[in-house]
Amino acid sequence: MGERKTDRWIRESAIGAGLALCAWLSLGVTVAIAAVLAYETVEFFRLPVHAADPQLAARRPDLQRFVEARPDLVGNPWRLLREFFTETTWSPLYSTKRFGVLPLLAGTVLTSLIALAVAVPLGLLAAVYLSEFAPEGVRRRVKPALELLAGVPTIVYGYFALTFVTPFLQDHVFGQALAGQNALSAGLVMGIMILPLVSSLSEDVMRAVPAELRHGAYALGATPMEVALRVVIPASLSGIAAACVLALSRAIGETMIVALAAGQTPNWTFNPLETVETITAFIVQVSLGDTPYGSVEYRTLFAAGMLLFVLTLLMNLLSFRVVQRFRERYL
Amino acid sequence: MSVLAADLDGRRRLERRRQTARVFVAACQAATLVGLVFLGILLVDVTRDGAPYLRPELLTHFPSRFPAQAGYASALVGTLYVVGIMSLVAFPLGVLAAVYLEEYAHPSPLTRALEVNVANLASVPSILYGLLGLGVFVEGMRMGKSVLAGALTLALLVLPLVILASREAIRAVPFSVREAAYALGATRWQVVRHHVLPYAAPGIFTGIILSLSRAVGETAPLIMLGALQYVPFLPRSVWDYFTVLPIQIFNYVSLPNPEFHRVAAAGILLLLAVLLFLNGTAIWLRNRTTIQG
């Protein structure tokens, strides 16, 4: 009996350890993402250092090309760093290589802001309707139907933005002032994609607002609109803000819609009618070509990816903070 | 001002406020409709573009320079292959990790960090998983741009989703079930294996199928791992090049010839049919196997 008990204990412990391993693996993924991005990003900014070593440069054709394209950067990683964050020309794929990432950042910010401008007002109004005014039956059907929007593959949205929305806007609104690939269509369609994120999450927090607060306002003679705008929305503001930040984070990381509909030309502009390139679209563009491992182009991929990672991480932290700081408690 | 006039003024103001409220409610209704109308237009547009190209050859033909010849054979088989291998890796791992977090882990700062991390991973842009796959699987482990590298990358991508869904399902199992089993002398693993998991199975399967449909529609990370313009063969081993449905669609959309856009639209209809089937199965499973508590 005693021996069997030990066997059983050993087996149970082994199973427990195995399960723990599975769980810790998920943390490993995060560490791996951060490590790969960090390593390749550091390698990118060390290119001038490597290129300054003639023996190394003689062995690596990518370094030779780097020296030919940008002799002014050789031996000067700080200048590369400054160029990356302050200059407005991004052309690592051309023979005259410039590494100012601001155009990609501008494209990302522009398309994301357009998406937010669509998703936040529409999503909030929809959430107010579903939580405050809709009959239960309508709510039960419409909410999942809206959530379908988030389940449509982004390639489908990309196709739709490129082949329907842009021609439609060209024919009926802007004429030829609207480029065939532009920030506006991409942003509009992306806004619809993230709409359910805003509406669903906001609706959840609005429903969590205690009914007594609404009853109190109605007892004072408020109209349904006044209850929604002055009681329910302020009470659920932290959740709404978190949902919006999450939606923004999703928009920043969205790839296929912008790759197809916004374009592949890094453009330092905030004009939504023009072609722009986002960070994600640039990553796709490089991946479509055949970039050899370790080349300059290969490294820029990770430097741009790192920027994206940091941006979305900041957004997630921000949304976490917002919820913590502004949460209303009803006890 | 007489009492009567003040009263009249108050009534008028009240009427105006009610009027504004009605307009506001209508605006809310309209906003709710926008998303649904958009979805409707999208479906009608894609169907109109793609329906004429929806032929049996679409399933048997390989990519071609001629729109009339072009098909999705290699993409369909590639999707099955990649998603199949992904399932073998991601689903056991995810469910077991969820079991650990719900049934085994003691609350501690470390466990808390693990939980926050899983939630955070779910919001990392998918294209960064592509960079991870490129750096670790394709170059680091020298798998090349193969079926295996693609499947493993997708597995990491859906892992947090599987964990989150499975945890929800496991948490919904009533404690009385566990207590009854423990009372009869079952070990922790026996409780999990024979009672908690069967009870949570419908919820777990629903989560798994939803992750599956996410993986089927995913494009961005795989572009970095296998976006070959032209794969005129079926992958035979896990080391082969591959393409998947969304990427083949992306290739056709990117071509300048508008005829290819129709082939892409037909491919989108295929993709949506697959997703509809998967989601339908998820709903059916949930309804059929839910144990009445």
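The values are calculated or read from the model by the stated rules, or taken from the named source; none is laboratory data. All values reported here derive from a predicted model rather than from experimental measurement. So basically every Cβ, Gly included, is an ideal-geometry build from the backbone, and we count neighbours across all protein chains shown. All accessible areas refer to the heavy atoms of the entire protein, side chains included, with ligands and DNA or RNA removed. Shrake-Rupley method; radii C 1.70, N 1.55, O 1.52, S 1.80 Å.
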Mind listing just one residue for me: the one in segment B:207-251 that is under 18 Å from the mean Cα position of the chain (by Cα) and among the small types (G, A, S) and, of those, surrounded by the fewest Cβ atoms within 10 Å (Cβ to Cβ)?
B:S213
All but one of (1) more than 7 Å from chain A (Cβ to nearest Cβ); (2) more than 25 Å from the chain's Cα centre (by Cα); (3) over 15 Å from B:L272 (Cα atoms) hold for B:R48; which doesn't?
(3)
Enumeration of residues in segment B:45-58 that are surrounded by 11 or more Cβ atoms within 10 Å (Cβ to Cβ) and either of a type in the set (V, I, T) or part of a helix (DSSP H, G or I) (or both)
B:D45, B:V46, B:T47, B:R48, B:D49, B:G50, B:A51, B:Y53, B:E57, B:L58
Take B:Y100 and tell me if it is crowded, with 22+ Cβ neighbours inside 10 Å, modelled with pLDDT of 90 or more and more than 16 Å from B:S213 (Cα to Cα).
yes
Within segment A:1-57, how many residues turn out to be open to solvent by 50 Å² or more (accessible area, probe 1.4 Å), away from chain B (no Cβ under 11 Å) and within 40 Å of the chain's Cα centre (by Cα)?
5
Please go through (1) in contact with a Ser or Thr (Cβ under 8 Å, 6 or more places away or on another chain); (2) farther than 30 Å from A:E254 by Cβ for B:T243 and return the number of the only condition it doesn't satisfy.
(2)
So, of the residues in segment B:23-41 that are more than 7 Å from chain A (Cβ to nearest Cβ) and over 25 Å from the mean Cα position of the chain (by Cα), which turns out to be nearest to A:G191 (Cα to Cα)?
B:A30
Does A:G294 satisfy being at pLDDT below 90 and of a type outside the set (F, W, Y)?
yes
For segment A:128-172, how many residues meet the condition of being of a type in the set (A, V, I, L, M, F, W, C), within 29 Å of B:A215 (Cβ to Cβ) and not in a helix (DSSP H, G or I)?
1
Options B:L161, B:L157, B:L210; residue that is assigned to a helix (DSSP H, G or I), closer than 30 Å to A:D290 by Cα and not aromatic (F, W, Y)
B:L157
Within segment B:44-67, residues being hydrophobic (A, V, I, L, M, F, W, C) and without any contact (Cβ under 8 Å) to a residue 12 or more places away in the chain number 2
When you go through B:R236, B:R167, B:R178 one by one, which is the residue that is of a type in the set (D, E, K, R), at pLDDT below 90 and over 26 Å from A:Y39 (Cα atoms)?
B:R236
So, in segment A:220-239, exactly how many residues are surrounded by fewer than 17 Cβ atoms within 10 Å (Cβ to Cβ), within 14 Å of chain B (Cβ to nearest Cβ) and of a type outside the set (K, R)?
3
If B:I204 satisfies all but one of (1) away from chain A (no Cβ under 13 Å); (2) within 19 Å of B:G71 (Cβ to Cβ); (3) buried (at least 19 other Cβ atoms within 10 Å of the Cβ), what's the number of the condition it fails?
(2)
List pairs: first residue in segment B:79-104 and of a type in the set (S, T, Y), second residue assigned to a helix (DSSP H, G or I) anywhere in the structure, Cβ distance under 6 angstrom, at least six positions apart or on different chains.
B:T79/B:L245; B:Y81/B:V147; B:Y100/A:L19; B:Y100/A:A20; B:Y100/A:A23; B:Y104/A:G16; B:Y104/A:L19
Please go through segment B:138-156 and give me each residue that is open to solvent by less than 20 Å² (accessible area, probe 1.4 Å) and of a type in the set (A, V, I, L, M, F, W, C), ordered by number.
B:V138, B:V147, B:A149, B:A151, B:L154, B:A155
Can you confirm whether A:L188 is open to solvent by 10 Å² or more (accessible area, probe 1.4 Å) and in a helix (DSSP H, G or I)?
yes
Residue check, A:S95 assigned to a loop (DSSP other than H, G, I, E, B), under 32 Å from the mean Cα position of the chain (by Cα) and free of Cβ contacts under 8 Å to residues at least 60 places away in the same chain:
yes
Is it the case that some residue within segment A:28-42 is among the hydroxyl-bearing types (S, T, Y) and assigned to a loop (DSSP other than H, G, I, E, B)?
no
Being surrounded by 15 or more Cβ atoms within 10 Å (Cβ to Cβ) and within 10 Å of chain B (Cβ to nearest Cβ) narrows it down to one of A:A183, A:A134, A:A106, so name that one.
A:A134
